[in-house]
Amino acid sequence: MSRAIRFAPLVLLLLLLAGLVWRLATPVDINVSSKLEGKPVPDFALPAMLPTKPALASANLATGKPRIVNIFASWCVPCITEVRVLKQLRDRGVSIDGIAIRDRSEDVAQFLGRNGDPYERIGSDAKSQVQIALGSSGVPESFIIDGRGVVRYQHIGPIELSDVPMILAKLEQAK
Amino acid sequence: MRWLVLVSMIVLAQPLLADSNLPPAYWADRQLPDPNQEAKAEALMEELRCLVCQGQSIADSDAELAGDMRDLVRRRIAAGEKPADIRNWLIQRYGTWISYKPTSEPAAWPLWLAPIALLLIGTLIIRRHIRIKVRN
């Protein structure tokens, strides 16, 4: 056996360690992004979540101007801060619809009463079926839909205050 | 000590906050009456990856979204849809990531070729080894 080959296990071990350290330092992106970007919103018609607010169907999304569909829930903690940012977007004239995942009418009413209500329509997705049809994997998530009802952008996780300029730019692009 | 137990109970119970107040979907944890259809649904659910607990199949996961996906799979199987069509419908939304079944995409070629390559390398090593033995 040649001398060099004796060090092969050591070299392999070091390579393995280097690989592990590298992966620890730069973790993989575990978000699963929707493949629907650039495709029309799948057909759906959800019942109204609140008696005081209209229901949401896919037909309501192709209105000639871009809008945000926000997937949220009253039981979702990051949604509390996000809904306040959405209110600011609403005040700037952005149209926002909500899809409430596995939620109850009284809980949503309380959630919006406490944190502000940015939504024009809210559909109740009690079995996450529209969420799955949209390729969304959690709450909160938002989709920018253009005037023809085509998905233009998916935002995974809450829209933070610092995301507002980016979201406004995406809405502008979707025009 | 009692405080420690109480505090740790509160801390450990945190994940419960991430769940909704609604009961599981009807077909999430219920078998289809037709054993043939149930077998098809089970086989498919074993091969679909949970979006929340990303190492588990939706058959194994306790996440609510996994339950809702099992409900979707069972409903569609009961309506006569083919498992391959349901899988493709999900792949159109989440990409091949959602399916555990290896595809024939170029990205998966090393996976298919690895056994052949390893067999060849093994044969070469054995051949070299035997030759050395014979010379000695």
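Please treat every number below as a calculation from the coordinates, not as lab data. Small disclaimer: the values here were computed from a predicted structure and weren't measured. Counting neighbours? That spans all protein chains shown, and the Cβs are built from the backbone with ideal geometry, glycine included.
FRET efficiency for B:ILE121 and B:GLU47, Cβ-Cβ distance as r, R0 = 35 Å, nearest 0.05? It comes out at approximately 0.70. How many nm separate the modelled label positions at B:GLN37 and A:ALA55, each set 7 Å beyond the Cα in the direction of the Cβ? Label at B:GLN37, label at A:ALA55, 2.5 nm between them.
DSSP beta bridges confined to the protein assembly as shown are antiparallel in about 65 percent of cases. Measuring gaps between exposed loop sites in chain B (chymotrypsin sites (Phe, Trp or Tyr not before Pro); DSSP loop; at most 16 other Cβ atoms within 10 Å), the longest gap, sites not included, is B:27-99. Each residue, A:LEU24 and A:ALA45, gets one label point 7 Å from its Cα in the Cβ direction; the gap between the two is 5.6 nm.
Shown here for segment A:137-175: GluC sites (Glu not before Pro) in loop regions (DSSP other than H, G, I, E, B) with at most 14 other Cβ atoms within 10 Å, namely A:GLU160. With Cα atoms defining each centre, segment A:24-91 and segment B:16-90 are spaced 23 Å apart in the structure. Taking 22 Å as R0, compute the FRET efficiency from the Cβ-Cβ separation of B:ALA84 and B:LEU111 and round it to 0.05. Efficiency computed from Cβ-Cβ geometry: 0.60. Size of chain B from its Cα atoms: along the principal axes, largest to smallest, the extents are 75, 57, 28 Å.
At a threshold of 8 angstrom on Cα-Cα distance, excluding pairs fewer than six apart, so keeping six or more, what relative contact order does segment B:22-101 reach in percent?
That works out to 33 percent.
In this structure, the pairs whose alpha-carbon distance is over 25 Å, taken from A:LYS127/A:LYS170; A:LYS39/A:LYS65; A:LYS53/A:LYS170; A:LYS87/A:LYS170, are A:LYS127/A:LYS170; A:LYS53/A:LYS170. Annotation: average projected area of the protein assembly as shown is 26.1 square nanometres, based on the convex hull of Cα atoms across all directions. Mean per-residue shielding of peptide A:95-102 is 2, counting Cβ atoms of other chains within 10 Å of each Cβ. Spin-label model, A:VAL11 to B:LEU4: label points 7 Å out along the Cα-to-beta-carbon direction sit 5.0 nm apart. Take each residue in B:88-94, count the other chain C-beta atoms within 10 Å of its C-beta, and the mean is 5.
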